[in-house]
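Okay, so here's the structure we're looking at.
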Amino acid sequence: MTKLNAKQLRNLEPDEKILMKIKKTPIYIILDNVLDTYNVGSIFRLADAVAAEKIFLCGQTETPPNSRIAKAAVGTEKWVEWEYAETAVSAIENLIRRPGGENLKAYAVEQSSKSV
């Protein structure tokens, strides 16, 4: 096994054969108006670590390619499937329409004193 440093990881291109072998966890992460690109990149790392099915980037959330996302994601933005949705509601509606979508559970995390 070869240990890669951060620069090598960032420049590693995804191998489709390897990607097809990875068993995905039925976790979908929806980021709605996350303005800090480093936070977006860290979510890509998290999604890679748990083998999440997909990330939905919504609203004003920056999308790859973005140098700051790439720096924080350490290359995982190339490996983790993601999709842009105009709103978090449209992303959830998209998921519900998929086969088995009616059984999905949604959990929301918000850091505001006005959160509901």
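The values are calculated or read from the model by the stated rules, or taken from the named source; none is laboratory data. Keep in mind the model is a prediction, meaning the values are calculated, not measured. Every residue, glycine among them, receives a Cβ derived from its backbone with ideal geometry; neighbour counts consider all protein chains shown. These area figures cover heavy atoms from the full protein model, side chains too; ligands, DNA and RNA do not enter into them. Shrake-Rupley method; radii C 1.70, N 1.55, O 1.52, S 1.80 Å.
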Flag if residue 80 is among the β-branched types (Val, Ile, Thr), in contact with a Phe, Trp or Tyr (Cβ under 7 Å, 6 or more places away or on another chain) and in a loop (DSSP other than H, G, I, E, B): yes
Filter result for residue 108 (under 30 Å from residue 5 (Cβ atoms), of a type in the set (Gly, Ala, Ser) and surrounded by fewer than 16 Cβ atoms within 10 Å (Cβ to Cβ)): no
Residue that is most open to solvent (accessible area, probe 1.4 Å), among those in region 74-89 that are among the small types (Gly, Ala, Ser) and at pLDDT below 95: 88
Filter result (charged (D, E, K, R) and either in contact with a Leu (Cβ under 8 Å, 6 or more places away or on another chain) or open to solvent by 90 Å² or more (accessible area, probe 1.4 Å) (or both)) within region 94-105: 97, 102, 105
Residue that is modelled with the lowest pLDDT [pool: residues in region 11-59 that are touching a Lys or Arg at 6+ places or on another chain (Cβ under 9 Å) and open to solvent by 80 Å² or more (accessible area, probe 1.4 Å)]: 13
Count of residues meeting criterion [in a helix (DSSP H, G or I) and in contact (Cβ under 8 Å) with a residue 12 or more places away in the chain] in region 19-68: 14
